[in-house]
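Please read the structure below before turning to the comments.
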Amino acid sequence: MSDDDGRLSWLHWPTVLKGLALGIGAGLILAVSLGDFYLGILLGTLNGLAFGVGWSHSRA
């Protein structure tokens with residue numbers, strides 16, 4: 001990649017999107033077990049996003 005790809009060029013977007021999808025799925029399970037839908041979805045989304053960004057950073 002060239003230097004003018006932008007600030008987020010190091011992110012591997014398919015990995016980030018897969019992490020988000022997996023995190024939201026886990027968040028739905030967490031939402032059912034906690035009984036709080038929005039908290040489960042929020043925690044799942046944050047966890048999935050953190051996984052995708054972390055994995056992309058370790059690959060770069």
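The values are calculated or read from the model by the stated rules, or taken from the named source; none is laboratory data. Every value quoted in this text rests on a predicted model; they were computed, and no experiment measured them. Every residue, glycine among them, receives a Cβ derived from its backbone with ideal geometry; neighbour counts consider all protein chains shown. Surface accessibility is based on the protein's heavy atoms, side chains included, excluding ligands, DNA and RNA. Shrake-Rupley method; radii C 1.70, N 1.55, O 1.52, S 1.80 Å.
Worth a mention:
- Scanning the stretch 3-45 for residues being open to solvent by less than 100 Å² (accessible area, probe 1.4 Å), in a helix (DSSP H, G or I) and not acidic (Asp, Glu) gives a total of 23.
- When residues of the stretch 46-60 are limited to those that are among the polar types (S, T, N, Q) and surrounded by 16 or more Cβ atoms within 10 Å (Cβ to Cβ), the one nearest to Pro14 (Cα to Cα): Ser56
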